[in-house]
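Asker: Structure below; questions to follow.
Nothing in this text is a laboratory measurement; each read-out follows from the coordinates by a stated rule. Just so it is clear, the structure is predicted and the values come from calculations on it, not from any experiment. FYI the Cβ positions are ideal-geometry reconstructions off the backbone, even for glycines, and counts take in every protein chain you see.
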Amino acid sequence: EVGWSRRAAEEAEAVAAVSCSGHGRAYLDGLVVDGSPVCECNTCFGGPDCSQFSASCVADVDSGDPLFLEPFWMQHAASSALLVAGWHRMSYSFHDHSLISKELEELIRKLHAIVGNANTTGRFIVFGAGSIQLLNAAVHALSPHNSSAPAKVVATIPFYPVYKSQTDFFRSVDFQFVGDTSLWKNTSDTTSNLIEFVTAPNNPDGKLNKAVLQGPNAKPIYDHAYYWPHFTPIPAPADEDLMIFTFSKLTGHAGSRFGWALIKDKDVYETMSNYMSLNVDGVSRDTQLRAFKLLKVVTRGRGREIFEFGYKTMKDRWEKLNRALLMSRRFSVQESSPQYCTFSGKVKRPSPAYAWLKCEKEEDKECYRVLKKAGIIGRNGTLFSANSSYVRLSLIKTQDDFDILLHQINKLVGEENG
Ligand SMILES: C=C(NCc1c(COP(=O)(O)O)cnc(C)c1O)C(=O)O
């Protein structure tokens with residue numbers, strides 16, 4: 001019948017109308033009490049409409065939850081909304097029997113052409129439920145099968161903890177995590193594959209890393225989760241054999257669980273596709289629809305809107321953080337030098353997703369505890385296989401989270417300077 005979508009639109013508008021004082025939001029699938037959707041509040045805010053701020057609470061800057069982009073999507077409510085028919089793509093496969101939407105694949109290639117952050121020519125593409133699923137699909141595809149020598153998986157300290165924890169979790173005979181790249185730089189072992197996770201920009205320190213290991217058995221996996229103008233200048237398109245990206249750090253939709261891999265080698269592509277087919281039989285069609293809709297907003301106007309919003313937000317946060325730490329001899333964060341960005345056509349400083357904070361004084365070498373005492377929950381540097389004088393601070397959460405972090409840091413540095 002005509003107008004079947006009206007009720008769905010009314011439900012969505014009703015939930016969107018619940019303001020939560022700008023310090024939270026209500027969801028269509030959230031809790032409902034006495035007929036009204038309940039606000040889910042940002043850290044330190046509470047009450048039925050999130051209007052109550054609890055001054056004694058701590059700054060939670062542990063997770064890389066990319067909510068800094070939420071205001072952008074609220075400003076683009078009409079163009080980013082999606083209404084899904086109850087019968088939308090119920091089948092296990094697309095009409096061409098594949099597990100990925102060809103329209104979405106084309107849009108991703110267009111995105112990389114617009115941003116200039118990756119060369120997609122001659123590359124196959126595989127989708128994953130988040131890039132986290134593609135990390136192990138890639139390790140699996142780059143490992144020899146039924147070989148006596150498992151592939152050695154390495155990364156350069158400090159590195160994203162999942163590279164080790166996920167690889168260890170699978171306890172596979174085909175691959176094994178064996179630590180820092182420096183241990184394998186001059187190995188005489190020319191038989192087993194050396195699979196190196198290369199993260200550029202790096203999590204936690206923001207560096208545009210390059211592969212450390214060379215040679216015929218070196219198999220780098222380039223993790224470009226943060227290779228977007230929000231966080232870094234784009235000096236040139238990434239042009240590697242295997243590159244992995246994620247929606248989480250591009251649009252901020254970590255909850256949609258959508259990532260993709262650009263793969264040059266056909267066998268590696270087929271092995272990763274087979275992994276996706278056996279593991280989850282492809283990424284949810286609902287997620288692919290949402291990704292398609294959101295990417296149409298991102299690619300509009302050659303990507304200007306979202307990347308200007310994202311970069312401005314991150315640049316502003318870094319300026320405030322650097323100003324707050326200017327007078328400190330106790331704490332420092334990573335330095336970065338300006339580079340020419342081919343996307344913006346300007347020379348610009350990196351504005352990484354995370355601050356890699358160092359406690360400079362010997363007596364503060366348990367840095368995580370020093371910050372916790374000062375009401376800042378970061379992520380302990382030891383989780384990145386670095387030493388305990390480092391703590392990662394997430395700068396990509398909500399504005400409330402960043403403002404509370406800045407307040408605690410100003411207080412801490414104020415006490416230092418009496
Ligand atoms: C959320 C966090 N990391 C996500 C992440 C991921 C996983 O992101 P997905 O949301 O699974 O696509 C992959 N690679 C790197 C380098 C990452 O930092 C974090 O470090 O807090």
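Asker: Around Gln176, with a cut-off of 15 angstrom between Cβ atoms, what is the net charge of the other residues, counting Lys and Arg +1 and Asp and Glu -1?
Answerer: -1
Asker: Taking 37 °C and 0.692 mPa s as the conditions, I'd like the Stokes-Einstein D for the chain in µm²/s, using the Kirkwood hydrodynamic radius from alpha carbon pairs.
Answerer: Answer, rounded: 142 µm²/s.
Asker: Report, in listed order, any pair from Lys249/Lys296; Lys207/Lys373; Lys264/Lys346; Lys110/Lys397; Lys164/Lys373; Lys315/Lys365 with a Cα-Cα distance greater than 26 Å.
Answerer: Lys207/Lys373; Lys264/Lys346; Lys110/Lys397; Lys164/Lys373; Lys315/Lys365
Asker: Would you mind giving the three semi-axes, in whole Å and largest first, of the ellipsoid equivalent to the stretch 216-314 according to its Cα gyration tensor?
Answerer: 26, 20, 10
Asker: Stretch Asn279-Lys346 to full length: gain in nm at 0.36 nm per residue minus the Cα-Cα span?
Answerer: 19.8 nm
Asker: Could you give me D for the stretch 1-93, from Stokes-Einstein at 4 °C and 1.567 mPa s, where the hydrodynamic radius is the Kirkwood radius over C-alpha pairs? Units µm² s⁻¹, please.
Answerer: So the translational diffusion coefficient is about 82 µm²/s.
Asker: Give the list, by residue number, of cysteines in the chain with no other Cys Cβ closer than 4.7 Å, or say none.
Answerer: Cys341 - these cysteines have no disulfide-compatible partner (Cβ-Cβ under 4.7 Å) in the chain.
Asker: Something else about it: Sort 331-344, 381-394, 63-76 for me by packing, meaning the mean count of neighbouring Cβ atoms within 10 Å per residue, highest on top.
Answerer: Highest mean packing first, the order is 381-394, 63-76, 331-344.
Asker: Let me ask you something else. With the crude spin-label approximation of a point 7 Å out along Cα→Cβ, what separation in nm comes out for Ala85 versus Gln339?
Answerer: Rounded to a tenth, the inter-label distance reads 4.6 nm.
Asker: If I model a spin label as a point 7 Å beyond the Cα along the Cα-Cβ vector, how far apart are those points for Ser148 and Thr191 in nm?
Answerer: With each label point 7 Å from Cα toward Cβ, the separation is 0.5 nm.
Asker: Which net charge results for the neighbourhood of Gly64, defined as the other residues with beta-carbon distances under 15 angstrom from its beta-carbon, given Lys and Arg at +1 and Asp and Glu at -1?
Answerer: Here the charged neighbours net out to -1.
Asker: Something else now. I want the local charge near Thr190. Using Cβ-Cβ distances under 15 Å, sum +1 for each Lys or Arg and -1 for each Asp or Glu among the other residues.
Answerer: Counting the neighbours of Thr190, the net charge comes to +2.
Asker: Report Rg/Rh for the stretch 169-274, rounded to two decimals, where Rg is the Cα radius of gyration and Rh the Kirkwood radius.
Answerer: 0.97
Asker: Using every Cα-Cα pair within the stretch 278-389, state what percent have a distance larger than 17 Å.
Answerer: 70 percent
Asker: Another question, if that's okay. Hey, any idea what the orientation-averaged projected area of the convex hull of the stretch 11-149's Cα atoms comes to, in nm²?
Answerer: Across all orientations, the stretch 11-149 yields a mean hull projection of 14.9 nm².
Asker: Compute the length gained on full extension between Lys361 and Arg300: take 0.36 nm times their separation in residues and subtract their Cα-Cα distance, giving the result in nm to one decimal.
Answerer: Contour length minus Cα-Cα distance gives 17.1 nm.
Asker: Give, in nm to one decimal, the length gained when the segment between Leu326 and Asn410 is fully stretched (0.36 nm per residue of separation minus the Cα-Cα distance).
Answerer: 29.2 nm
Asker: Count neighbours as other Cβ atoms within 10 Å of each site's Cβ, and list the trypsin sites (Lys or Arg not before Pro) in the stretch 261-348 that are DSSP loop with at most 13 such neighbours.
Answerer: Listed in order of number, the matching sites are Arg329.
Asker: Round to the nearest 0.05 the FRET efficiency obtained for Gln214 and Ala8 when R0 = 45 Å and r is the Cβ-Cβ distance.
Answerer: The pair Gln214/Ala8 has a calculated efficiency of 0.25.
Asker: With +1 on each Lys and Arg Cβ and -1 on each Asp and Glu Cβ, and nothing else charged, work out how big the dipole of the chain is about its Cα centre, in Debye to the nearest 20.
Answerer: That gives the chain a dipole magnitude of about 960 debye.
Asker: Right, next: In sequence order, what are the phi-derived ³J(HN,Hα) couplings for the stretch 270-275 according to the Karplus relation 6.51 cos²θ - 1.76 cosθ + 1.60 with θ = phi - 60°, rounded to whole Hz, with x for glycine and proline?
Answerer: Here the 3J(HN,Hα) series is 5, 5, 5, 5, 5, 4 Hz.
Asker: Another question about this same structure. Can you pull the three principal axis extents for the Cα set of the stretch 109-257, in Å, largest first?
Answerer: So the extents along the principal axes, rounded to whole Å, are 44, 31, 29.
Asker: Which residue fluctuates the most in the chain, going by a Gaussian network model with Cα springs under 10 Å, if the choices are Gln288, Gln52, Gln399?
Answerer: Result for the chain, Cα springs under 10 Å: Gln52 fluctuates most.
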